[in-house]
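Here the structure is laid out as structure tokens; the discussion comes afterwards.
The values are calculated or read from the model by the stated rules, or taken from the named source; none is laboratory data. Fair warning: this is a prediction, and the values are worked out from it, not measured in the lab. Cβ placement follows ideal geometry from the backbone for every residue including glycine, while neighbour counts extend to all protein chains displayed. We work out accessible area using only protein heavy atoms, side chains counted, and drop any ligands, DNA or RNA first. Shrake-Rupley method; radii C 1.70, N 1.55, O 1.52, S 1.80 Å.
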Amino acid sequence: MNYRRALAITIAGWVCVAPASAGAVPQKREIEISVQEKRILEPIPQGLSLVFVLHVKNPLTVAQLLIRYDYRASIDGAEFLNLEIALDAPIRLEGREEIEIALPIKITYAYLFAAVPGIQDRDQALCSVTGGMAFQVERGREKRVPISFSGEFPIFRGIEVNPLPIEARDLTVGGADLIFKASVGNPNGFPFKIDRLSCRIELVGVPVSKSVIGQGVTVDARGEKALSVPLLLDFFELGRSLYDGLSQPPVDVRLVGEIELSSVWGTFTIPFDHRTKVAVVKLP
């Protein structure tokens, strides 16, 4: 992140922020704080990272230092966190300066589910945060600027990329004309669009293809889409073991790669590595 200032916190929970109401009028001599952007990064079934980008403005002509902050977070009305954090290195705002502070926070679902029972069955939840940031004019008194934010976040359940039975148009001792298929499953409560799915296909331990598939395909919430890759194989080049494996299914398949997707929660790149045995279906 290319921000001028950053706060980094890793906790077994999280804080969520969103812009204060449009009708709120900041006091002229107070630090002005608003939420410029919220991002969700690196989602996995065990958790994800949140980054909140705060826009902070110093209306005075003299420098002010952010020295500590505190917040109380509740999720769906249940208290979740109550913390006060002192900064080892204060963040300095020069007079009339405006900066961005990136606040990355690690979410651990195990902690969240224990703290808020029943939330694991939801598609998303609301987090409300109240607290304050303490600033100090150089060699002067401290003042606390109150904050109050709220925002929603998803319960991410992963993306499932699984090999399907292989279709064989032709299979001889010399080669094969196959259609390799894989399903992309979405167990989440939101749809996504596949921007790019890059994968390497191995059959009985032999790499047979590096492919990019699925661009522009939309997978509905709790839906599934099948993608296909045509394969023309030369067994004289790839080895007799590949013919033996395909002619005596089920076939050992490994599918490894990453899927780039776009959703209402952001754009993510999610790796996958799936190994299983699949049938071979001969087409007429």
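Taken over the range 152-173, the criterion of being touching a strand residue (DSSP E or B) at 6+ places or on another chain (Cβ under 9 Å), open to solvent by 20 Å² or more (accessible area, probe 1.4 Å) and assigned to a loop (DSSP other than H, G, I, E, B) is satisfied by I159, L164, P165.
Among residues of the range 227-245 that are touching a residue at least 24 places away in the same chain (Cβ under 8 Å), those with a Cβ under 9 angstrom from a residue that is aliphatic (A, V, I, L, M) and in a helix (DSSP H, G or I), sequence gap 6+ or separate chain, pair up as L233/L242; L233/L246; F235/L242; F235/L246.
Condition (residue is more than 28 Å from W265 (Cα to Cα), open to solvent by 70 Å² or more (accessible area, probe 1.4 Å) and either hydrophobic (A, V, I, L, M, F, W, C) or over 30 Å from the mean Cα position of the chain (by Cα) (or both)) applied to the range 95-112: is it met by at least one residue? Yes, that holds for at least one residue. Which of the residues that make up the range 256-281 are out of contact with any helix residue (DSSP H, G or I) (no Cβ under 9 Å at 6 or more places or on another chain), farther than 21 Å from F192 by Cα and open to solvent by less than 30 Å² (accessible area, probe 1.4 Å)? Across the range 256-281, the qualifying residue is only V278.
Just one of (1) under 30 Å from I155 (Cα atoms); (2) basic (K, R); (3) in contact with an Asp or Glu (Cβ under 7 Å, 6 or more places away or on another chain) fails for R222. It is (3). Scanning the range 184-204 for residues that are farther than 19 Å from D123 by Cα and either in a loop (DSSP other than H, G, I, E, B) or open to solvent by 20 Å² or more (accessible area, probe 1.4 Å) (or both) returns D195, R196, S198, R200, E202, V204. Here V212 meets the list (1) surrounded by fewer than 19 Cβ atoms within 10 Å (Cβ to Cβ); (2) within 22 Å of the chain's Cα centre (by Cα); (3) under 24 Å from P45 (Cα atoms); (4) β-branched (V, I, T) almost entirely, failing just condition (3).
Look at (1) under 30 Å from I31 (Cα atoms); (2) of a type in the set (A, V, I, L, M); (3) not in a strand (DSSP E or B) and you find that I147 fails only one, number (3).
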